[in-house]
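What follows is a short report on a single structure.
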Amino acid sequence: MNDKNIMESHMGTTAIKISARDVQVYYGDNHAIKDVSIDIEDKTVTAFIGPSGCGKSTFLRCLNRMNDTIDICKVTGSIRIDDEDIYDRRVDPVQLRAKVGMVFQKPNPFPKSIYDNVAYGPRIHGLAQNKADLDDIVERALRRGAIWNEVKDRLQSPGIGLSGGQQQRLCIARAVATEPEVLLMDEPCSALDPIATAQVEELIDELRQSFSVVIVTHSMQQAARVSQKTAFFHLGNMVEYGETGQIFTTPQDPRTESYITGRIG
Amino acid sequence: MSTTSLLVIAILILATLGYFLASKRAISTAGGDRRKLHSLPVYYGSNAAMFTAIPALGVLLIWLLAQPMLVERNVLSTIPDKLITEGSSIGLVMSDVRRVADGLEVVVSTGTLSQNETLKLDTEQTDIRALLAGVGAAVGSDVLPEMLEVAQNYRAQTKMGQLWMVLSIAPLALIGFALSVLAAKPTFRARNTVERGILALLVLAASLAILTTICIVFSMLFESINFFKLHPWTDFFFGGSWAPNFRGDSDLSILPLLWGTIYISIIALIVAVPVGLFAAIYLSEYAGPRVRAFAKPLLEILAGIPTIVYGLFALVTVGPALVRVFGRGEEGLLGVEWMSGATAVLTAGLVMGIMLIPFVSSLSDDIINAVPQSLRDGSLGLGATPSETIRQVVLPAALPGIVGAVLLAASRAIGETMIVVLGAGAIAKFSANPLEAMTTITTRIVSQLTGDTDFASPETLVAFALGLTLFVLTLGLNVIALYIVRKYREQYD
Ligand SMILES: Nc1ncnc2c1ncn2[C@@H]1O[C@H](COP(=O)(O)OP(=O)(O)O)[C@@H](O)[C@H]1O
Ligand SMILES: [Mg+2]
C-alpha cells in the first residue's frame, strides 16, 4: 500500500492547492498553532496526525475559516487557496466555506429528511435550476457518498434515523453536494465501527479523484491506508511533512519516530 | 410560659444531652479508639438526638392539632339552646366560649387573679366582660352564667388534655433518649440510621408540597360542588352572560370571562413570542460574551418585577398613551374616537406581553442553547450564513421546545391577575374590538371575593368554580408544555 502511494504521488500532479505560511493561532493567551507552513497538493489525500491537543483540528479549521465562529480565536500568517489569500478582507468566509467543505468528527445530520440534508447546500447556493436538477444533484452526491443504494427508497425519512456509519456518509454526501474544491475531514471515523470505517476510507480514496482531501486522524494505520502525504503535529508545531510512506518508514525527526512507534501519544 | 413551650424546650434539652452522651458513650465503649467505631461519633450523637426529639415532637404536633378539635366537639354538645339567640348560630356561640376561656387564661397568666379565683368566678359578683376587656380580650356581649359555665368546662377539658399530653410525650422522649444512648456501641450502624432519618425528612418535605396541592384542589372542588348545588351548571358552562346580582337570580356564565381571558392572552402572546424569541436568538447566537453577561441578568431582573408594577404601568402609562392614539376624537393622534377609556383589552394585552418577554426569551434561550453546536458547525461549514443556519437548522431543531415555552407563557397569561385587574376593565362581554374594556376570569374571582362576602351565596361561591376551571386550564397547558419540552430534551441527550 505504501509503495503504491509513493508511486502514485510521484506520478501524480503536484499542483499546489493550499499554501500556508507562518500561521499562528491563539485562543486568548493559548498559542495553539506555532509557525506552521505547509503546501497541500490538489487531488491528494493529506493526513494530519499527532497526539491529541496538538492543534490538528485548529489548523484544519483555519483552512475554511471555521475559527471565525470562535470569539477568542485569532489567526495570523497567510493561507492561500488557488493563490488567493483566504484571510483577505475581500474574501467572504461564507463563500469560502462553500468552496472548502468540511466533515466533522461526530456525524451531524440536520433534523431533516435525508433528501433535505443533501439538498441543503445546493439550495442555499442556488446550484439547481429546478426540482429535477436538484433531484439529480442529490442523487449524484449520495452516489459519491457511497450511500445511494442504502437510502434511495427512503429519501424522505429523517437523517437522524440512519446508523452512525450511514450518517457519516450522508454528511460526506452533504458536503460533496455543494461541489467544493477541498474537503476537510476532522477525525471522520472516530465515532464509527470498523466496518463503517472501512466504507468511509474507501470513499475517501474515491473522493481523491475530484478533490483535495485533508483528513485529521488519530489512527496511524488510517493515515497510512488513505493518505499520500502526511503532516505530523506536536504541541502546536508541524514537526514533519512528507510522503506518507516516508514518514512511516524513515521519519527524519526523533519526535515523529517516537510518536509512530508509540512512545508519545 | 405555656406548658407546650416548656415541653418543647425540655425535649430539645434532652436531645442535646442525648447527642453528647451518645457520642461520649460510643467512644468509651470502643475503649477510646475511634477506629473501632462503625461510624464517626457525630453520627451516634445525631442518632440519639434524632430519636429523642423527632418522635416526641411529631406526636406533640399531632396532639396540638387534634386536641382543640376533640375538646370543641365535647363542649359543643353541652351548649344550652338558651345561648343561641336570634340571628346567631352555634358556631358563633362556640367562638365566644373560646374567647371567654382563653381570656380567663390570660387573666391568670397576667396575675390579675389566681387560678382558683377564676374557677370560682360568678357572673353576679364580677363583670366578666370588663375583667376580660382589662386584659385585652374583647367579648361581643355580656357573659351569661350559662356561657361562663360552658367556658369553665372548656378550660377544664383543655387543662386535662394538656396534662395527658405531658404525661404521654415526656416518657416518649425519655424512652427514645434511653434506647438511643444505650445503643451507642461500636457495632451499632449509627451512620446508616442517620442516613435513613435524613431520607425520611426529605420525603416528608416532598410529600408536604404535594399534599398541600392536593388539599387546595379538594377545597376548591368542594366549594365548587356547593356552587353547582345552588346554580345550574348549564348556565355556568354554556350561558351567555355574566351579571352577578347580590340579591340573587344572577347570570353566572364563564364564557364571556373566558373570552376576555383568551383574547387578552392572545394579544400578550402576539407581543411576547416574536420579541422574546428574537431576543433569545440574538443573545444566544449573535451577542458577544460581554453583551450576554450584561443583557441576560437584565432580562432576568425584568422577570422578577412584581406584576402589580406592570399593572400600574398599564394604568398610568400604556392605557393613556393608547387613548391618545385611538381616542379623543379630533384631539387624538389619529383623530378617531375608537377608544373611550384607558382600560382595554389592548392595554392589558400589551403590558402582559411585555411581562412575558423575559419569560419567553429566557426559556427559548435555554432551548436554543441545547441545540448541539455540531449542527451549527455543520451548516456554517456548508457555507450557510448565521441567519440561514438559525432559520433552517437551529430553529427547526428547537421548535418543539419553543412551542413548549410558548404554552408555558400562555398558561401564565391565562392565570395573570394584577395586570388585568388594573388594565382590562370590568365589563364582561363578547366583543372582537381590542379597544374596548373586557374582563377576565381572574379579575372576576377577585371582585366576587372582595368586600362583604357571604360564603353561602352562589355569587361568592362562583369564584371557586371559576378558580377550579382556571386551574384545570393552566394545569392542562402546563402538562402539555412540559411533555413537549421533555420530549425535546430527550432528543439531544
Ligand atoms: N474552542 C476553543 N477554545 C479555546 N481553546 C481551544 C479551543 N479549541 C481548541 N483549543 C485549544 O487548542 C489546542 C489545540 O486543540 P485542538 O486543535 O482541538 O487539538 P487536536 O485536534 O489536535 O486534538 C488545545 O490546547 C486546546 O485546548
Ligand atoms: Mg481534534
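The alpha carbons of region B:62-141 occupy a box of 37, 30, 21 Å along the principal axes, longest dimension given first. List the trypsin sites (Lys or Arg not before Pro) in region A:100-190 that DSSP assigns to loop (not H, G, I, E or B) and whose Cβ has at most 14 other Cβ atoms within 10 Å. Which are they? Passing sites in region A:100-190 are A:K152, A:R154.
Here the ratio of the Cα radius of gyration of region B:242-492 to 2.2 N^0.38 Å is 1.17. Here chain A is treated with +1 on each Lys and Arg Cβ and -1 on each Asp and Glu Cβ, and its dipole about the Cα centre works out to around 500 debye.
Which entries in the list B:K82/B:K159; A:K17/A:K106; A:K43/A:K99; A:K74/B:K296; A:K17/A:K229; A:K56/A:K106 go over 18 Å, if you measure between the two C-alpha atoms of each? Too far apart for the 18 Å limit: B:K82/B:K159; A:K17/A:K106; A:K74/B:K296.
Taking the DSSP beta bridges with both ends in the protein assembly as shown, the antiparallel portion is around 60 percent.
Counted over all Cα-Cα pairs of region B:394-467, pairs farther apart than 22 Å make up 42 percent.
The distance between label points at A:E202 and B:T234 comes to 7.6 nm (points 7 Å beyond Cα on the Cα→Cβ vector). Once chain B is represented by equal point scatterers at the alpha-carbon sites, with solvent omitted, what log10 I(q)/I(0) does the Debye formula produce at q = 0.08, 0.10 Å⁻¹? At q = 0.08, 0.10 Å⁻¹ the computed log10 ratios are -0.87, -1.06. Grab the DSSP H runs of chain A that are 4 residues or longer, score each as -39,500 (n - 2.57), total them, divide by all residues and round the 222 nm result to the nearest 500 deg cm²/dmol. Per the formula, -11000 deg cm²/dmol. When the solvent-accessible area of region A:18-260 is split by element, carbon and sulfur atoms take up 46 percent of it, the probe being 1.4 Å.
Taking amide H as placed 1.01 Å from N in the peptide plane, A:A32 has its amide H under 5 Å from the amide H of A:V25, A:Y26, A:Y27, each at least 5 places away in sequence or on another chain. In plain terms, chain B is cut at each of the chymotrypsin sites (Phe, Trp or Tyr not before Pro) found in a DSSP loop with at most 13 other Cβ atoms within 10 Å, and the longest leftover piece is B:1-245. Between B:I13 and B:R73, the distance separating the two model label sites (each 7 Å from Cα on the Cα→Cβ line) works out to 3.6 nm. Buried accessible surface for the A/B chain pair comes to about 1600 Å², total over both chains, computed with a 1.4 Å probe.
Remark: mean inter-chain Cβ contacts per residue of A:175-183 equal 1, using a 10 Å Cβ-Cβ cutoff to other protein chain atoms.
For the segment B:371-378, counting C-beta atoms of other chains within 10 Å of every residue's C-beta and taking the mean gives 5. In sequence order, region B:479-487 has phi-based couplings of 4, 4, 4, 5, 4, 5, 4, 5, 3 Hz under the Karplus curve 6.51 cos²θ - 1.76 cosθ + 1.60, θ = phi - 60°, and Gly or Pro positions carry x.
For chain B, excluding the exposed loop sites themselves (GluC sites (Glu not before Pro), DSSP loop, at most 13 other Cβ atoms within 10 Å), the longest remaining stretch covers B:125-336. Computed from the Cβ-Cβ distance with R0 of 60 Å, the FRET efficiency linking B:K487 to B:S141 stands at 0.40. Restricting the trypsin sites (Lys or Arg not before Pro) of region B:240-314 to loop positions (DSSP other than H, G, I, E, B) with no more than 12 neighbouring Cβ atoms within 10 Å leaves B:R247. On a C-alpha basis, how far is the centre of region B:347-419 from the centre of region A:220-250 in Å? Whole number, if you could? So the two Cα centres are separated by 46 Å. Placing a label point 7 Å from the Cα of B:A293 along the Cα-to-Cβ direction, no residue of region B:364-392 has a backbone N closer than 19 Å.
Taking amide H as placed 1.01 Å from N in the peptide plane, the amide H of A:V216 sits under 5 Å from that of A:F48, A:M185, A:D186, A:E187, each at least 5 places away or on another chain.
So what's the angle, to the nearest 10 degrees on a 0 to 90 scale, between helix B:395-415 and the longest Cα principal axis of chain B? Helix B:395-415 and the main axis of chain B meet at about 60 degrees. Charged neighbours of B:Q157, selected by a Cβ distance under 11 Å, balance to +2 (K, R count +1; D, E count -1). Estimated at 0.36 nm per residue, the fully extended path between B:R324 and B:A200 surpasses their Cα-Cα distance by 38.5 nm. Annotation: amide H-H contacts under 5 Å for B:L252 (H modelled 1.01 Å from N, sequence separation of 5 or more, or interchain): B:A243. Here's the list of lysines a cross-link from B:K429 could span, going by alpha-carbon distance under 28 Å and ignoring same-chain residues fewer than 8 apart: B:K229. Here r is the Cβ-Cβ distance between B:S219 and A:S219 and R0 is 60 Å; the resulting FRET efficiency, rounded to 0.05, is 0.35.
Per residue, the protein assembly as shown exposes 49 Å² of accessible surface when a 1.4 Å probe is rolled over the protein heavy atoms with every protein chain present. Computed 3J(HN,Hα) for region A:217-229, one whole-Hz value per residue from the Karplus formula 6.51 cos²θ - 1.76 cosθ + 1.60 where θ = phi - 60°, is 8, 9, 9, 5, 4, 5, 4, 5, 6, 9, 9, 9, 10, glycine and proline marked x. With no solvent and one equal point scatterer per Cα, compute the Debye intensity ratio I(q)/I(0) for region A:199-265 at 0.21, 0.23, 0.29 Å⁻¹ and report its log10, rounded to two decimals. Here the Debye-derived log intensity ratios amount to -0.87, -1.01, -1.40. Taking the empirical scaling 2.2 N^0.38 Å for compact globular proteins as reference, the protein assembly as shown has a Cα radius of gyration ratio of 1.45. Surface composition of region B:167-300: carbon and sulfur atoms hold 75% of the protein heavy-atom accessible area at a 1.4 Å probe.
Each residue of region B:334-339 is assigned a 3J(HN,Hα), and the resulting list reads 8, x, 10, 10, 7, 10 Hz, derived from the Karplus form 6.51 cos²θ - 1.76 cosθ + 1.60 (θ = phi - 60°), x at Gly and Pro. Relative to the current alpha-carbon distance between B:R189 and B:A303, full extension at 0.36 nm per residue lengthens the span by 36.2 nm.
Working note: 222 nm ellipticity from helices only, DSSP H runs with n ≥ 4, each -39,500 (n - 2.57), summed and divided by the residues of chain B, gives -24000 deg cm²/dmol to the nearest 500.
Rg ratio for chain A: its Cα radius of gyration over 2.2 N^0.38 Å, N being its residue count, equals 1.00. Could you please state, rounded to a whole Å, how far the C-alpha centre of region B:224-301 is from the C-alpha centre of region B:73-152? Spelled out, the Cα-based centre of one part sits 50 Å from the other.
The values are calculated or read from the model by the stated rules, or taken from the named source; none is laboratory data. Being a predicted model, the structure only gives us computed values, none of them experimental. Quick reminder, even Gly has a Cβ in these numbers, built from the backbone with ideal geometry, and neighbours come from all protein chains shown. Heads up: the accessible areas ignore ligands, DNA and RNA and are worked out on the full protein's heavy atoms, side chains in. Shrake-Rupley method; radii C 1.70, N 1.55, O 1.52, S 1.80 Å.
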